[in-house]
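Undergrad: To start, I am sharing the structure in question, which I have written as structure tokens.
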Amino acid sequence: MKRILFIDRDGTLIKEAPPTYQIDDFSKLEFYPAMFEYMGRIARELDFELVMVTNQDGLGQAGFPDDTFWPVQEFIMRCLESEGIHFSAVHIDKSFPADKSPGRKPEIGMLTGYLNNKNYDIEGSYVIGDRITDVQLAKNLGCSAIWIKQDGTLGGKEVKDSLQELQKVTALESTRWEDIYKFLKCGLRQVVHDRNTHETKIHVELNADGGGKADIHTGLHFFDHMLEQIARHGNMDLKIQVNGDLQVDEHHTIEDTGIALGEAFSKALADKRGMERYGFALPMDDAEARVLLDFGGRSWIVWNASFQREKIGDVPTEMFFHFFKSFSDAARCNLNIECHGENEHHKIEAIFKAFAKAVRMAVKRDPLSNHLPTTKGIV
């Protein structure tokens, strides 16, 4: 099914012109920096249908006559088309007063044809715009929003009460068309994964392209602390909720968390095109940790680390190998882990941080590359 980019005009493709915000004169026309370059790439490389959706309050009225609007609009469209950027439809709401139209953004009246067409993947579509009404339009359509933020705060004061709800549909916030292109080209490697057995119930939310947010609850405080290192030093968002049989011991909780996290990575990194694939290393105080990693599709682990204490915090030291072994098996990756040092806490924390950095290196992608990091080829 075809996906759609519902794209706002003013403040998105072209800059708005305060105080009237009406682009009714060629002297007011200014295209967004790099918009042609990256919209052209989107049009050529990605399989989206382009639809322009714009509110032009009072168009056709005495204060905003048609003969000042349409020459500018037609010039904008010719410029876009000359760069290979073709819109399949242009929807303009010109209601006045502005709150009286069922077709005015964020209402969806003028887009019902798309909603009723089963050949479109609305859920996989996006609204790109600069106002909170564009984010609300995405919510009303049932798709996601890419918000070209102007003031640093989504929606500002006018939507303070509904801010959290609207952020749920905002897939990207950026003022740069390069970021929008990269996002649409690569997508977010984001998965929600559940693994339930008679011994553990595990919920994992992973965004490999996140910003380092961690929300970890395994019932083992030191284990939580180590898993947080993966999120923060790997610069990914990670939420893990574990309900395990800790009344028996820690084994199932730690081992099964490794399996569930590995399975989540396997899903998120299914398409490795443009990905680095490999990563490594790091020291921490007296401890020197080396983690070599290859997300190549085969599992293997080499473990060269030993601990003199039975436990660090509430985690048995023998379980660290089991965690990484379980991750390697489930993520189908090679892991080579080596650590030397004096302080046991530093040693295992250095391993987790080095692992996080290795993952960060390995999952890094170049959106301009379609390279598959292998010489084997695919038959």
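Undergrad: Check off (1) modelled with pLDDT under 90; (2) within 26 Å of the chain's Cα centre (by Cα) for Ala62 and give me the number that stays unchecked.
TA: It fails just one condition, (2).
Undergrad: When residues of the range 225-244 are filtered for being in contact (Cβ under 8 Å) with a residue 60 or more places away in the chain and of a type in the set (S, T, N, Q), how many remain?
TA: Qualifying residue count for the region: 2.
Undergrad: Let me ask something additional. Return the residues of the range 313-338 that are acidic (Asp, Glu) and either over 18 Å from Thr253 (Cα atoms) or within 30 Å of the chain's Cα centre (by Cα) (or both); say none if nothing qualifies.
TA: Within the range 313-338, Asp329, Glu338 meet the criteria.
Undergrad: Would the range 94-110 turn up any residue that is of a type in the set (Asp, Glu), at pLDDT below 90 and either within 25 Å of Gly40 (Cβ to Cβ) or surrounded by 20 or more Cβ atoms within 10 Å (Cβ to Cβ) (or both)?
TA: No, every residue in the range 94-110 fails to be of a type in the set (Asp, Glu), at pLDDT below 90 and either within 25 Å of Gly40 (Cβ to Cβ) or surrounded by 20 or more Cβ atoms within 10 Å (Cβ to Cβ) (or both).
Undergrad: So which residues in the range 41-64 are surrounded by 17 or more Cβ atoms within 10 Å (Cβ to Cβ) and assigned to a helix (DSSP H, G or I)?
TA: Answer for the range 41-64, where residues must be surrounded by 17 or more Cβ atoms within 10 Å (Cβ to Cβ) and assigned to a helix (DSSP H, G or I): Arg41, Ile42, Ala43.
Undergrad: Does the range 167-213 hold any residues that are more than 15 Å from Ala268 (Cα to Cα), of a type in the set (S, T, N, Q) and part of a strand (DSSP E or B), and which are they?
TA: Thr170, Asn196, Thr200
Undergrad: Based on what the data block shows, is Ala89 at pLDDT 90 or above, assigned by TED's automatic domain parsing to the domain that holds Asp8 and more than 26 Å from the chain's Cα centre (by Cα)?
TA: So Ala89 passes the test.
Undergrad: Out of Leu184, Leu227, Leu188, I need the residue that is out of contact with any Asp or Glu (no Cβ under 7 Å at 6 or more places or on another chain) and either at pLDDT below 95 or polar (S, T, N, Q) (or both). Which one?
TA: Of Leu184, Leu227, Leu188, the one residue that is out of contact with any Asp or Glu (no Cβ under 7 Å at 6 or more places or on another chain) and either at pLDDT below 95 or polar (S, T, N, Q) (or both) is Leu184.
Undergrad: Just one of Ile132, Ile76, Ile108 is touching a strand residue (DSSP E or B) at 6+ places or on another chain (Cβ under 8 Å) and assigned by TED's automatic domain parsing to the domain that holds Arg41; which is it?
TA: Of the residues listed, the single one that is touching a strand residue (DSSP E or B) at 6+ places or on another chain (Cβ under 8 Å) and assigned by TED's automatic domain parsing to the domain that holds Arg41 is Ile76.
Undergrad: Quickly run through the range 248-288 and pick out the residues that are over 27 Å from the mean Cα position of the chain (by Cα) and modelled with pLDDT of 90 or more.
TA: Val248, Asp249, Glu250, His251, His252, Thr253, Ile254, Glu255
Undergrad: Can you confirm whether Asp67 is among the acidic types (Asp, Glu), closer than 22 Å to Phe31 by Cα, in the same structural domain as Gln22 (by TED's automatic domain parsing) and crowded, with 18+ Cβ neighbours inside 10 Å?
TA: Considered against the rule, which asks whether it is among the acidic types (Asp, Glu), closer than 22 Å to Phe31 by Cα, in the same structural domain as Gln22 (by TED's automatic domain parsing) and crowded, with 18+ Cβ neighbours inside 10 Å, Asp67 comes out as no.
Undergrad: Let me ask something else about it. When only residues in the range 124-142 that are within 14 Å of Leu184 (Cα to Cα) and assigned to a loop (DSSP other than H, G, I, E, B) count, which is modelled with the lowest pLDDT?
TA: Gly124
Undergrad: Would you say Asp209 is free of Cβ contacts under 8 Å to residues at least 12 places away in the same chain and within 15 Å of the chain's Cα centre (by Cα)?
TA: Judged against the criteria, Asp209 is not a match.
The values are calculated or read from the model by the stated rules, or taken from the named source; none is laboratory data. All values derive from a computational prediction rather than experimental measurement. In this analysis, Cβ positions are derived from the backbone assuming ideal geometry, glycine residues included, and neighbour counts consider all displayed protein chains.
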